[in-house]
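Taking it in order: structure first as structure tokens, then the write-up.
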Amino acid sequence: MTFLDHLEILRWHLIRAAVAIVVFTGIAMANKEIVFHDIILGPSRTDFFTYRKLCEVGAAINSPGLCINKLDFTLQSRELSSQFTMHLTSSFVIGLLLGFPYLFWEIWRFIKPGLYPNERENSRGAVFFVSFLFLLGSLFGYFIVSPLSINFLASYQVDPSIANEFDLSSYISTLVTLVLSCGIMFELPMIVYFLSRAGILSPELMRIYRKHAIVVIAFVAAILSPPDVLSMTLMGIPLLLLYEVSINISWWVRRRDLAKLNEQATS
């Protein structure tokens, strides 16, 4: 096929993915009460799942300091179109999250015919694992990073006389940034897997540059998270753990490749 033929095929893949995202966005818009009251504004209330579990853990280990039973801030809409705009934006983000597996599947359908048979074999399950890690990271960002960061930022005061009254757009942008950033960060094992399969990365190389990776992780966490130490820490620690997991993945890939080469040499 010509280059324009490839572009035409890619266009239809993207159109189908866009339709799926639009459908999920429409469903989210039609369920405004659930989307906003239960999902978007959930971390702003003390009855949120994470806060309740922290209180249960605190009671179990006799540590009442873990219990978050007060969120001393209020949300305001200061612009005329703010609530409508946030409704559209939030619905689109939820549509993107739910439609991401299908989006990646359509892109993969476009890429797959151009791969060699061994490359197709090596990338089996890519759609599942990429989608799974993205959704897992998004859930981690929503249930762990977001509520703890919101609690810290909302309760921080330089002086008791200053009331914390936040704009709705600021709250939602912080929540969306944390959730999407965690979803993207959790793709690190898959990136390392494919780079290891291509021979670009090795476990020895990742161990040698571990200190450099820590600096890069701290820098990335500082960019992706709100400007506070707690949010940076909550993002940095999972990234460090994922980096260590990725080293083992790279080691497993090389071990499997060596086993196949030995099998071919002896056959």
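The values are calculated or read from the model by the stated rules, or taken from the named source; none is laboratory data. These numbers come from a predicted model, not from an experiment. Don't worry about glycine lacking a Cβ; one is built from the backbone with ideal geometry, like all the others, and counts go over all protein chains shown. SASA here: full protein model, heavy atoms, side chains in, ligands and nucleic acids out. Shrake-Rupley method; radii C 1.70, N 1.55, O 1.52, S 1.80 Å.
Numbers at a glance
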{"read-out": "Charge context of N248, other residues only, Cβ under 14 angstrom, K/R +1, D/E -1", "value": "+3"}
{"read-out": "The chain: Cys lacking any partner C-beta under 4.7 angstrom", "value": "C182"}
{"read-out": "Cα-based reach from K53 at 21 Å (exclusive), listing lysines while leaving out same-chain residues under 8 positions away", "value": "K70"}
{"read-out": "Helix-only mean residue ellipticity at 222 nm for the chain, each DSSP H run of n ≥ 4 adding -39500 (n - 2.57), per residue, nearest 500", "value": "-23500 deg cm²/dmol"}
{"read-out": "All-pairs alpha carbon distance profile, segment 133-266, 5 Å steps from 0, percent", "value": "2, 10, 16, 18, 15, 12, 9, 6, 5, 3, 2, 1, 1, 0, 0, 0"}
{"read-out": "Inter-part distance where segment 80-106 and segment 228-267 are each reduced to a Cα centre, Å", "value": "32"}
{"read-out": "Accessible area expressed per residue, the chain, with surrounding protein chains retained (probe 1.4 Å, Å²)", "value": "60"}
{"read-out": "Three-way shape call for segment 63-136 based on the alpha-carbon gyration tensor, with the a/c threshold at 1.5", "value": "oblate"}
{"read-out": "Relative contact order of segment 62-194, defined on C-alpha pairs under 8 angstrom at six or more residues apart (%)", "value": "43"}
{"read-out": "Mean separation of Cα contacts under 8 Å (6+ apart) over length of the chain, as relative contact order %", "value": "21"}
{"read-out": "Mean-position separation - Cα centroids, segment 120-163 and segment 176-209, in angstrom", "value": "17"}
{"read-out": "Tensor-based shape of segment 21-79 (alpha-carbon gyration tensor, a/c under 1.5 rounded, otherwise prolate or oblate)", "value": "oblate"}
{"read-out": "Kyte-Doolittle at least -1.0, axis length at least 20 Å by Cα - qualifying DSSP helices, the chain", "value": "3-30, 82-111, 126-140, 168-185, 210-224, 229-266"}
{"read-out": "Shape of segment 8-143, Cα gyration tensor, a/c cut at 1.5", "value": "oblate"}
{"read-out": "Accessible surface of the chain [probe 1.4 Å, protein heavy atoms]: carbon and sulfur percent", "value": "69"}
{"read-out": "Counted charge near I214, where neighbours are those whose Cβ lies closer than 14 Å (Asp, Glu -1; Lys, Arg +1)", "value": "+2"}
{"read-out": "By average C-beta atoms within 10 angstrom, highest first, the peptides 233-240, 194-201, 30-37, 1-8", "value": "233-240, 194-201, 30-37, 1-8"}
{"read-out": "Relative contact order (%) - segment 117-224, alpha-carbon pairs under 8 angstrom, separation at least six", "value": "38"}
